[in-house]
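Only one structure is covered here, and it is reproduced in the block below.
The values are calculated or read from the model by the stated rules, or taken from the named source; none is laboratory data. Just so you know, these numbers come straight off a predicted model, no measurement behind them. Ideal geometry is used to build each Cβ from the backbone, glycine not excepted, and the neighbour counts take in all protein chains shown. Areas reflect the complete protein model, heavy atoms only, side chains present, ligands, DNA and RNA absent. Shrake-Rupley method; radii C 1.70, N 1.55, O 1.52, S 1.80 Å.
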Amino acid sequence: MAEKKSLFNEFSKGLIAENPVLRLVLGTCPTLAVSTSMVNAIGMGLSASIVLVCSNIAISMLRRVIPSKVRIPAYIVVIASFVTIVQMLVKAFVPALDSALGVFLPLIVVNCIILGRAEAFAGKNSVAASAADGLGMGAGFTAALLCMATVREFLGNGTLFSGADSLLSLFGITSFTGIEIFSRLPEFLKIEPILIFILAPGGFFMFGILMALANKIAEGKGKPGAELHGCESCPMSGSCSLIKDGEADGIGARRSGAAATADMTGGGAQ
Amino acid sequence: MTKYYFSILLTAVLTNNFVLSKFLGICPFLGVSKKLKTATGMSLAVIFVMAMSTAVTYPINKYLLEPKGLAYLQTIVFILVIAALVQLVETVLKKYVPSLYSALGIYLPLITTNCAVLGVVLLNVQSASSEASFRFLASMFNSVGGGVGFMLAMIMFAGVRSRMESCDIPKSLRGLPITLIAASIVSVSFLGFGGIVENIFG
């Protein structure tokens with residue numbers, strides 16, 4: 001029973017408390033790039049989750065075999081293999097999604113969430129716990145993507161689930177192609193979609209707003225707001241001298257008091 | 001022909017800016033853009049690695065992967081080649097060109113897992129297979145342009161951020177949220193370059 005409960009904890013922490021996008025600030029590139037439509041967000045979230053779960057399981061199984069000195073290249077090979085498999089499957093079964101995600105599908109390889117979880121969790125924990133962790137992180141990533149994509153697609157394109165037939169055709173459903181909202185409004189309410197929300201600036205803007213909301217909620221619970229831990233949780237942080245010198249951002253925020261002051265004086269001396 | 005390469009370069013720097021319109025390399029863009037010095041060092045290292053990895057992966061793809069029908073291995077081969085290359089360059093620089101190493105070396109390990117580098121290599125290969133004229137030299141121009149665009153965005157953004165230091169920002173927006181919103185405004189300014197390359201060379 002205790003075992004089951006802890007597995008559930010590993011799963012559920014990824015959803016909110018340690019949401020990879022909004023709390024750990026990992027995987028920002030795909031988050032900004034593919035959240036232009038809900039279908040892309042779901043497709044990207046699912047692909048990344050599959051890679052995350054599979055690579056977490058494989059790495060956890062191999063954790064006693066891989067020498068710690070070459071673990072990062074070994075992890076990258078495992079992850080890249082799963083990404084190639086997923087990429088081929090998507091190309092074969094959902095070609096529309098493949099062209100929509102474009103280069104971001106193979107770029108799952110360098111998605112910090114996956115390498116970060118391999119380094120921080122799967123390399124140290126049992127197979128079942130790693131699988132649960134991968135599932136939770138994947139779900140958290142998908143949820144955050146979907147939050148952003150819902151607002152961006154609604155405001156920027158005036159639709160919801162537009163192009164859903166490309167995903168649903170997997171299950172033989174082709175009749176549902178999304179919900180048109182703005183074009184169905186009565187004449188006196190007619191408004192044009194705000195195109196900029198599906199362009200690049202809208203992505204940065206929505207991500208900022210969403211992050212501020214997440215910080216507000218975290219504050220209410222007495223937790224610190226999200227800072228860019230991207231550098232610290234980055235698997236390369238061990239060898240990165242930016243971190244040692246405290247030149248990368250978000251470092252002082254995590255270290256408390258004295259260390260942060262030491263950072264500042266160190267920075268001033270340079 | 002010069003026109004063709006120049007238009008590729010300008011498109012990569014301005015209209016299709018890697019950071020601000022393609023969302024590649026956001027981590028270093030947000031992570032090391034606080035100081036001008038680190039922003040410049042990081043961008044120079046990115047330009048260097050992008051150009052080198054394109055120079056290495058293009059022939060691998062053209063003469064090894066494609067003739068043997070192994071194009072599906074691109075992702076896995078390219079990431080390994082880039083990782084090995086970065087490691088090699090770091091070692092060589094450390095031994096033989098210590099001055100360059102002290103300027104760029106610290107950024108090199110970070111760049112292995114930078115999506116801008118793998119991204120530019122994959123995009124070059126894709127363009128090469130869809131456009132007959134997009135060959136080695138065009139790939140190189142695209143990579144260097146991408147790197148220069150990254151540098152432009154980083155340096156501009158370092159300036160914007162230094163102005164933000166002394167501002168009174170609402171509590172929930174402090175830190176990352178306001179940085180992202182500032183990035184959004186910088187990105188709007190790059191929207192203005194839309195169509196400029198076609199108009200100059202068209």
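The table for this structure:
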read-out	value
Hits in segment B:162-176 (condition: within 18 Å of residue A:211 (Cα to Cα) and either in contact (Cβ under 8 Å) with a residue 60 or more places away in the chain or among the hydroxyl-bearing types (Ser, Thr, Tyr) (or both))	B:172, B:176
Residue list for segment B:51-95, restricted to those being within 25 Å of residue B:152 (Cβ to Cβ), in contact (Cβ under 8 Å) with a residue 60 or more places away in the chain and within 14 Å of another protein chain (Cβ to nearest Cβ)	B:53, B:57
Where residue B:177 falls short, out of the listed (1) open to solvent by less than 10 Å² (accessible area, probe 1.4 Å); (2) under 25 Å from residue B:45 (Cβ atoms)	(2)
Some residue of segment B:194-202 being closer than 24 Å to residue B:10 by Cα, touching a residue at least 24 places away in the same chain (Cβ under 8 Å) and within 12 Å of chain A (Cβ to nearest Cβ)	yes
Test for residue A:33: is it closer than 27 Å to residue A:153 by Cβ, assigned to a helix (DSSP H, G or I) and touching an Asp or Glu at 6+ places or on another chain (Cβ under 9 Å)	no
Residues satisfying the stated conditions in segment B:93-126, i.e. surrounded by fewer than 19 Cβ atoms within 10 Å (Cβ to Cβ) and within 17 Å of residue B:143 (Cβ to Cβ)	B:126
Residue in segment A:14-34 that is over 13 Å from the mean Cα position of the chain (by Cα) and open to solvent by less than 50 Å² (accessible area, probe 1.4 Å) present	no
Any pair with Cβ under 9 angstrom, 6 or more apart, that starts in segment A:209-220 at a residue that is touching a residue at least 12 places away in the same chain (Cβ under 8 Å) and ends at one that is outside any helix (DSSP H, G or I) and surrounded by fewer than 20 Cβ atoms within 10 Å (Cβ to Cβ)	A:218/A:224
Unmet requirement for residue A:179, which otherwise passes all of (1) away from chain B (no Cβ under 14 Å); (2) open to solvent by less than 20 Å² (accessible area, probe 1.4 Å)	(2)
Residue list for segment A:48-98, restricted to those being open to solvent by 30 Å² or more (accessible area, probe 1.4 Å), away from chain B (no Cβ under 14 Å), among the aliphatic types (A, V, I, L, M) and outside any loop (DSSP other than H, G, I, E, B)	A:50, A:57, A:61, A:96
Residue A:18 vs. criteria among the acidic types (Asp, Glu) and not in a helix (DSSP H, G or I)	yes
Qualifying residue in segment B:74-83 (condition: in a helix (DSSP H, G or I) and under 14 Å from the mean Cα position of the chain (by Cα))	yes
Lone unmet requirement of (1) in contact with an Asp or Glu (Cβ under 9 Å, 6 or more places away or on another chain); (2) surrounded by 17 or more Cβ atoms within 10 Å (Cβ to Cβ) for residue B:171	(2)
Residue within segment A:126-134 that is more than 13 Å from chain B (Cβ to nearest Cβ), under 26 Å from residue A:60 (Cα atoms) and not in a helix (DSSP H, G or I) present	yes
Residue list for segment A:99-116, filter: touching a Ser or Thr at 6+ places or on another chain (Cβ under 8 Å) and open to solvent by 10 Å² or more (accessible area, probe 1.4 Å)	A:100, A:110, A:112
Condition met for residue A:44 (hydrophobic (A, V, I, L, M, F, W, C) and either open to solvent by 50 Å² or more (accessible area, probe 1.4 Å) or outside any helix (DSSP H, G or I) (or both))	no
Filtered residues of segment B:1-27 (kept if of a type outside the set (D, E, K, R) and facing chain A (nearest Cβ under 9 Å))	B:17, B:20, B:21, B:23, B:24, B:25, B:26, B:27
Complete set of residues in segment A:155-164 that are open to solvent by 40 Å² or more (accessible area, probe 1.4 Å) and in a helix (DSSP H, G or I)	A:155, A:157
Complete set of residues in segment A:99-125 that are part of a helix (DSSP H, G or I), of a type outside the set (A, V, I, L, M) and in contact with a Lys or Arg (Cβ under 9 Å, 6 or more places away or on another chain)	A:119
Residues being of a type in the set (Val, Ile, Thr) and under 12 Å from residue A:43 (Cα atoms) - total across segment A:128-164	1
Residue within segment B:127-147 that is open to solvent by 10 Å² or more (accessible area, probe 1.4 Å), within 11 Å of another protein chain (Cβ to nearest Cβ) and modelled with pLDDT under 90 present	yes
Residues of segment A:118-154 classified as buried (at least 24 other Cβ atoms within 10 Å of the Cβ) and closer than 25 Å to residue B:22 by Cα, total	10
Residues within segment B:96-107 that are within 11 Å of chain A (Cβ to nearest Cβ) and in contact (Cβ under 8 Å) with a residue 40 or more places away in the chain, tallied	2
